[in-house]
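Colleague: Okay, handing you the structure first.
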Amino acid sequence: MASPARTPAGQQSLPRGGASPLSPARISRLQEKQELQQLNDRLAAYIDAVRRLESENGALQLQVLEREETRSRELTGLKALYETELADARTALDEMARERARLQLELGQMKREHEQLQHTCMKKNAELASAQARLTEAEALLNSKEASLNTAVSERKALESTVTDLQLHIQEVHLYLHHHQSDFMETRMSACGGQEMKDTRRRLETRLVEVDSGRQVEYEFKLAAALADMRQQHDEQVQVYKDEMEQTYTAKLENVRLSSEMNSSSASMAREELRESSLRVESLAAQLANLQKQVRRYTTDGFPARPLTRFHTLASSSSACPLMQQTLNLFQIHLCCLVRDWRFNGCSVSVRLKLSPSPSARVTVSRASSSRSVRTARGKRKRVDVEESEASSSVSIAHSASATGNVCIDELDVDGNFIRLHNSSEQDQPMAGFQLTRTIGDVSATYKFTAKYVLKAGQKVTIWASNAGVSSNPPTDLIWKSQSSWGSGKNIKVLLLSPGGEVRRSPALLRMFIIPLIIETLVFTWPGDPHTSKRGCAIM
């Protein structure tokens, strides 16, 4: 059932009783009118709210504008302040960058020098280890010689006891011979003389009538002469036996004495030379320890914490670098003299003791195919003169190198036949793009490695000139077909360049060979040795 319609407020009440009811259309119009009135009221309220909000929005916009103006003024001041500070910071940063670049350059130079010193120390350690190994061999040889000497001494004592026994036996034999000789002579004289006297007496008695007194004296004289002759022959035979026995004894005793003296002299010489070698090895070890201390002190003092202190320290160390380099060169020359002198002494000991000379006893200046060689000759026991086989020229080699990579130049032939490279690292090195440049004066030549060539770890490769007369044998022997010789001269510079153009050795000079054609005798000595005070060391 339909509910009665709700009349809005203010609507006139419908007529009751006799009044006619409203039609549905009028009712709908009245409802629409009422809804329109409500909408008008809501619209008027909305318009009032909008006007109020617009007034508030205008006030807020004014505040925002004021705030933006204030903010823009503050931002402008802050921006100017920050730009000023940023310019100062950029200036300081540029100064720090320049300082850092300069320090990095100096650090790189000092690192290269440090690596060179480390490489030198490694070489000296290897030479020291080799010297210690040879010292151990010499000590073992000395022990064996001492054992032989002890055996010879014991044999000598045994022979001396035997000689004493033989002397006693000879004395007994002399006494026995003298005693029996006298007994034999007496017996023989008594036997022979008595029998002959009896026979002679019997014959004389039978012929006494026939023989006169003169004949009897003659027979007695002949008998005495025969007896004297027999006695003389017996004495001569005994003297011959005695002389032979004394000569045999004297010869054996002299042989024993000479053998003992030879063993004693050889052992004393070996012991003296071993002691000299030990002293020289100890001196070498002390000098190497001093050099290592200098390297450690140079390393620790070369990088302080503060930039300014670092700069002053690097400046002072860079000014001291020439002095250190000169000291290092002198030490290398000194060490070269020591090693050659020690090798020669080891060779002389092996020759004196009738041993096979070691390969290190022969000192050579030439490289591979070079014809110049050095012979060791011994005038006195403690004098070593190393002379060149070619008296018309002498070779003096000065070199300077500092490694910055795995591959380094190991050897350069003075006649220009080859250059040898060495991979001193534990990794294989691809040689694609690497260039080997040789410069003599204003003339230079460049050898380029193939793209597929790889230098193994610890391996050496020799690049031969085309006229060297060597066949190609990759990967250890390569032929530079377009170049007949690497060249020779007074100043040879060789650079090993990486694919990026980086110099893998010293930027200025890798290895310099100076070959003056003058007649000079090189005398390698032990500086400061009291036994060789009259010798000098001429290193060109």
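The values are calculated or read from the model by the stated rules, or taken from the named source; none is laboratory data. Everything numeric in this text was worked out from a predicted model, so none of it was measured. Positions of Cβ are generated from backbone atoms using ideal geometry, with glycine treated the same way; all protein chains shown enter the neighbour counts.
Colleague: Where residues in region 409-438 are part of a strand (DSSP E or B) and touching an Asp or Glu at 6+ places or on another chain (Cβ under 9 Å), which of them is farthest from Ala126 (Cα to Cα)?
Modeller: Pass one, region 409-438, residues part of a strand (DSSP E or B): 409-412, 418-423, 429-430, 435-438.
Restricting the remaining residues to those that are touching an Asp or Glu at 6+ places or on another chain (Cβ under 9 Å) gives 418-422.
On the way: Phe418: 25, Ile419: 23, Arg420: 20, Leu421: 19, His422: 16 Å.
Checked region 409-438; the qualifying residue farthest from Ala126 (Cα to Cα) is Phe418.
Colleague: Residues in region 421-458 that are in contact (Cβ under 8 Å) with a residue 60 or more places away in the chain and aliphatic (A, V, I, L, M): how many? Walk me through how you get there before you give the answer.
Modeller: Here is the first cut: in region 421-458, the ones in contact (Cβ under 8 Å) with a residue 60 or more places away in the chain are 421, 432-437.
Remaining after also requiring aliphatic (A, V, I, L, M): 421, 432, 436.
Here the count works out to 3.
Colleague: Continuing with the same structure: With respect to Asp229, determine if the residue is in a helix (DSSP H, G or I), of a type outside the set (Gly, Ala, Ser), at pLDDT 80 or above and surrounded by 11 or more Cβ atoms within 10 Å (Cβ to Cβ). So that I can check it myself, show each step before the final result.
Modeller: On the way: in a helix (DSSP H, G or I): yes; of a type outside the set (Gly, Ala, Ser): yes; at pLDDT 80 or above: yes; surrounded by 11 or more Cβ atoms within 10 Å (Cβ to Cβ): no.
It is false that Asp229 is in a helix (DSSP H, G or I), of a type outside the set (Gly, Ala, Ser), at pLDDT 80 or above and surrounded by 11 or more Cβ atoms within 10 Å (Cβ to Cβ).
Colleague: Considering every residue within region 101-124, establish whether at least one is under 23 Å from the mean Cα position of the chain (by Cα), surrounded by 10 or more Cβ atoms within 10 Å (Cβ to Cβ) and among the acidic types (Asp, Glu).
Modeller: There is at least one residue in region 101-124 that is under 23 Å from the mean Cα position of the chain (by Cα), surrounded by 10 or more Cβ atoms within 10 Å (Cβ to Cβ) and among the acidic types (Asp, Glu).
Colleague: Which condition number does Phe513 fail, the rest of (1) at pLDDT below 85; (2) among the aromatic types (Phe, Trp, Tyr); (3) more than 22 Å from Arg112 (Cα to Cα) being met?
Modeller: (3)
Colleague: Given the condition more than 30 Å from Gln239 (Cβ to Cβ), in the same structural domain as Ser259 (by TED's automatic domain parsing) and β-branched (Val, Ile, Thr), answer yes or no: does some residue in region 155-168 qualify?
Modeller: Taking region 155-168 first, the residues more than 30 Å from Gln239 (Cβ to Cβ) are 155-158.
Checking the rest, the ones that are also in the same structural domain as Ser259 (by TED's automatic domain parsing) come to 155-158.
From what is left, the residues that are β-branched (Val, Ile, Thr) are none.
No: region 155-168 contains no residue that is more than 30 Å from Gln239 (Cβ to Cβ), in the same structural domain as Ser259 (by TED's automatic domain parsing) and β-branched (Val, Ile, Thr).
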